[in-house]
Every structure is written in structure tokens, then in C-alpha cells.
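Okay, so here's the structure we're looking at.
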Amino acid sequence: MRWIATLVLSLLFAGTAQATSVEARLIRASNEIGKSDAALADIHAKLKEKFGYQFYQQLGAQRQPLKAGAKLRLDLGENFSLFVTPKSSGKRQQKLEFEWYSGKTLLLRSVVEIVENGHLLVKGPEVGNDWIVLAVSVRN
Amino acid sequence: MKQHNTERLSALADGELKGLSRWLAQRHVRHCPQCAAELQRVERVRQTLAACPPIIEMSDSADFFWSKVKRDITTREPQTVFIPVPRLSLADWLLVHRGALATATSGLMVALLTGVMLQQPHSAGPGTVLVERVDTVIPNTVATPLKGAESDVAVIWVSGLEWTADLDEMKQRFENSET
């Protein structure tokens, strides 16, 4: 009987202690027809509303589970990387420190309190007629 | 007058009944010994009272008497009059000042709530994304958090970054500038 109880408890804990993860996406905002991405369907409307471009292409993305106090590195492609350091966590929200790099250049440093399924959108460098956008969200 | 009505008898004795009501009352009294006796009693009482009218002796007329009272009131000096005030119990005091108490309690609660809200660290509410701090180290570049109507989306606008024609040029540009 003891092993059944242990199994049930471990299953319960596994269910409640789901790892919260941070997801970062590197996006190219453009008005060129065809440069649209199905991977961005969930935030397409928000991107369009905030930045006004017609099409959004995902250049790279990475997702990693958050660990208290541990600095994560998310490589987003095109030489962009995002460092994430959890500062504190609540029931449904995380306070995270972000450092967005392009190569060795620190583009932006920020502390954001972000709720589950909330989005942080950063308008970055301009390339030709397009913009580079960073989208960050926290998921459970 | 089918019933023995003392009021009607009294009115008959006073001569207040007229016409048919007077005739009916007199007819009833003629045939009802009880009412006849009552009427006789009432009439006797009236006669006795009429024989002994009350005598009120007053030396002054009413107007003269009142003028004297007024004069006495105006000439009398103001006097301190002690009016005993009943001692209020706590329950009475609370009842009397219930309006003021309700106002004071409401004010206290509002002040407490405001204090609690101000003491709490500024945190994002349910379903919100809050940019607490933002900066950039690149010269001539500004990072600005923008507030929108939506609370689940926060936008940071980095402006002043160098424009490049394509991604390769951008990579090369940022690769060479170390911050």
C-alpha cells in the first residue's frame, strides 16, 4: 500500500509543480507580401495593433524552463540572444530581468513583471524597411 | 328614539333638538318610564347648576392684568436657572452620535485601505504585464516603455539604433560594437 501512496503523491506533485517557462521569439515586421508566419498566429493581432506592419515572420524562437536565480540564455538566431534572470515569482506572475543582445552589443536591459500568457513586445533595430521585434511570454 | 339614549335626553333637556327629532324624543320619553326619570334627573341638575352660578372675582380687567404681568417680566433681571442634564449611558451616547460614528468609521476604513494599498509593493495585477525598469547603454539610443489599453501586453520601444540595409549588415555592425 505504501508504494501506491508514494506514487499518487508523486503524481500529484508532478501535476502541481509544472515548470514555468519563458519563451522568446525574434520577429521581422514587414509590409512585403508573403512574409507572414503561421507560428505567430497567437500574437499576430497584437503585433499588428502595436507596430502597424502587415506581415510578421518568425526568425527564431527558444523556450526554456525558469529556475529561481539562474540566468538563462536563449539563442534566437541571426546573432540575437536573450538573457533571462528570474527575480521573484508569484502565483501567476514572474518578475524577470532581460538583457537583449545582438552579438556583443547590449541592445536593451529591462526588469518586467510578466503574467502567465502575457506578452512583452520590444521594437528593436530597423533593417531596410522592416523592424526587428522581440516577443517574450511566460507559459506554464 | 328606539333605545335609551342619554345624549339625546341631554340634548332634549338643553333644547338643542328641533323639529322631528325633538318630537320623536318627547314621544319616547312619554312612553318610557326609565327615560322619563332620566330626563327629570338631568333637568334637576341643570336647574341646580343654574341656581348657583360660579362667581369669579377679579379686581382688574383681563387686559390690565396682562399688562401688569408683562411689566413684571421686563423688569425682572435675568436669572441663572439650573436645568439638570440626565447622565447619558454609553448606549445612549452611541445612539445620539451614530451619524458621526458612521462617518468616522468610514473615514478610518478608507484611510486604512489607502495605507495598505500604498504600503504594498507596486505589483502587476491579475493579467497584467508591468515594465519596472528599462535602459539601454548604446549612445544616442532611448528605450521607452509604452502603455497601451491592453494590460496583458507591454511594449518597449527602442529608438535611435543604427539603421542597416539588411540582416547581414546589421549582424556585422553590432558584432563590431562592443558595449
Note to self: Going by what's in this entry, would A:Arg139 be described as of a type in the set (Lys, Arg) and more than 12 Å from the chain's Cα centre (by Cα)?
What the structure shows: no
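Just to be sure I understand, how many residues within segment A:73-103 are charged (D, E, K, R) and over 18 Å from B:Asp135 (Cβ atoms)?
Residues of segment A:73-103 that are charged (D, E, K, R), as a first pass: A:73, A:75, A:78, A:87, A:91-92, A:95, A:97, A:99.
Filter again for over 18 Å from B:Asp135 (Cβ atoms), leaving A:73, A:75, A:78, A:91-92.
Within segment A:73-103, residues that are charged (D, E, K, R) and over 18 Å from B:Asp135 (Cβ atoms) number 5.
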Check: Taking segment A:122-132 as the region of interest, how many residues are facing chain B (nearest Cβ under 7 Å) and part of a strand (DSSP E or B)?
Finding: 6
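So which residues in segment B:130-151 are more than 24 Å from B:Phe174 (Cβ to Cβ) and at pLDDT below 85, if there are any at all? If you could, list the steps in order and put the result at the bottom.
The initial filter retains those residues of segment B:130-151 that are more than 24 Å from B:Phe174 (Cβ to Cβ), namely B:130, B:132, B:147-151.
Once the filter is applied, which keeps residues that are more than 24 Å from B:Phe174 (Cβ to Cβ) and at pLDDT below 85, segment B:130-151 yields B:Lys147, B:Gly148, B:Ala149, B:Glu150, B:Ser151.
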Note to self: Just to be sure I understand, how many residues within segment B:46-67 are exposed (fewer than 10 other Cβ atoms within 10 Å of the Cβ), charged (D, E, K, R) and at pLDDT 75 or above?
What the structure shows: 1
Note to self: Are there strands (runs of 3 or more DSSP E) fully within segment A:48-121 with at least 1 residues that are surrounded by 16 or more Cβ atoms within 10 Å (Cβ to Cβ) and at the interface with chain B (Cβ under 7 Å from one of its Cβ atoms)? List them.
What the structure shows: A:93-102, A:105-115
Item checked: Search result, residues across segment A:105-123 that are touching a Ser or Thr at 6+ places or on another chain (Cβ under 7 Å) and aliphatic (A, V, I, L, M) -> A:Leu106, A:Leu107, A:Leu108, A:Val115
Next item on the list: Identify the single condition in (1) at the interface with chain A (Cβ under 9 Å from one of its Cβ atoms); (2) at pLDDT below 85 that B:Gln120 does not satisfy, given that it satisfies every other one.
Entry: (1)
Notebook entry, point to check: Restricting to segment B:163-179, what's the tally of residues that are at the interface with chain A (Cβ under 7 Å from one of its Cβ atoms) and either of a type in the set (D, E, K, R) or in contact with a Ser or Thr (Cβ under 6 Å, 6 or more places away or on another chain) (or both)?
Noted result: 8
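The values are calculated or read from the model by the stated rules, or taken from the named source; none is laboratory data. The shown structure was predicted, so the numbers you read here are calculated from the model rather than taken from an experiment. Every residue, glycine among them, receives a Cβ derived from its backbone with ideal geometry; neighbour counts consider all protein chains shown.
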